[in-house]
1. Based only on other Cβ atoms within 10 Å, what is the fewest-to-most ordering of Ile161, Ile145?
2. Assuming a ≥ b ≥ c are the square roots of the Cα gyration tensor eigenvalues, decide whether the stretch 1-78 counts as rounded (a/c under 1.5), prolate (otherwise, with a/b larger than b/c) or oblate.
3. Could you work out how much longer the chain between Ala47 and Gln191 gets when fully extended? Use 0.36 nm per residue separation minus the Cα distance between them, nm to one decimal.
4. For a Förster distance of 25 Å, can you work out the FRET efficiency between the beta-carbons of Thr84 and Tyr178, rounded to the nearest 0.05?
5. Kindly work out what percent of the DSSP beta bridges joining two residues of the stretch 5-212 are antiparallel, to the nearest 5.
6. So how far apart, in nm, are the two label points at Arg12 and Glu108 if each is 7 Å from Cα heading toward Cβ?
7. When we measure straight from the Cα of Lys212, which lysines land under 23 angstrom away, once same-chain ones fewer than 8 places off are left out?
8. Would you report the distance distribution of C-alpha pairs in the stretch 114-214 as whole percents per 5 angstrom bin, up to the bin with the largest distance?
Amino acid sequence: MSCCIPCQDTNRFFSRVARLYRWKHRLFGLEKTQKDLIALLCAEGVAEKSLLEVGCGAGYLHRDLLHKGATRVIGVDISEGLLTEARSLSDAGGLGDRVTYYFGDFVEVAESLSGSDIAVLDKVVCCYPDPERLLDAVTSCTVEIIALTYPRNRWLTRVGIGVLAWINRMSGSDFRPYVHNPVDINHWITQHGFERRNCLQTTVWMTELYGKCQ
Ligand SMILES: C[S@@+](CC[C@H](N)C(=O)[O-])C[C@H]1O[C@@H](n2cnc3c(N)ncnc32)[C@H](O)[C@@H]1O
């Protein structure tokens, strides 16, 4: 993997909190935004579809989609700690042979990973400094559907993300979270022949589903 300094710090940041993901899931299950994302995907149909999850983290979302009928998953993440967690949970759940994990910045590895029916990015564009390149890479790898969640552009989220960015700066980390403009996100996806088909929102998060134009 060619890894820039911010990516190394993203790796460190998420690898440090990898175990927390397991505890959070044990205590609370899937998050509301993940349930929204799954609902939008199931309305389109996930049975017999192949899945690419960019920034897959510990993999709770794609394991649920495998149980709902997706055939196989490619999971990509920049965090070694979260990928180790994902691998061991998928193996423990008997799903290891249906998931292939790749460590790296998706933008750098995308070329070799094209052809999935569905791409999912759950809280990932907000962790990457160049969302346009990230979404360019995702649109070129995806055949049918792109579903993603990202923070809404509201004062509440801007303050929260600003505080997290400040804490990281103070602690010497180059990892930064971002609130990107939703109009730009929409443009970066639709310019590649996708149309927005559905969206749901919570106080903090936007969940959107895009389909390839016929
Ligand atoms: C907020 S976490 C969300 C993890 C998971 N999607 C979830 O919701 O539990 C963001 C994840 O995206 C990963 N990530 C960020 N930018 C990435 C990139 N360019 N390529 C691959 N993974 C990336 C991070 O390492 C991290 O695991």
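Every number in this text was worked out from the coordinates using simple rules, so none of it is lab data. Bear in mind the structure is a predicted one, so any value in this text is a computation, not a measurement. Reconstructed Cβ throughout: ideal geometry from the backbone, glycine too, with neighbour counts over all protein chains shown.
1. On the way: Ile161 17, Ile145 23.
Ascending Cβ contact count within 10 Å gives the list Ile161, Ile145.
2. On the way: a/c = 2.58, a/b = 1.48, b/c = 1.74.
Taking the square roots of the gyration eigenvalues as a ≥ b ≥ c, the stretch 1-78 is oblate.
3. Values: separation 144, 0.36 × 144 = 51.84 nm, distance 2.75 nm.
My answer for the length gained is 49.1 nm.
4. Step by step, r from the Cβ atoms, then E = 0.45.
5. Numbers: 14 of 33 bridges.
So the antiparallel bridges amount to about 40 percent of the total.
6. Distance between the two pseudo-spin positions: 1.6 nm.
7. By straight Cα distance, Lys212 reaches Lys35, Lys49, Lys68, Lys123.
8. Once binned at 5 Å, the Cα pair distances of the stretch 114-214 give 2, 13, 23, 23, 17, 11, 7, 3, 1, 0.
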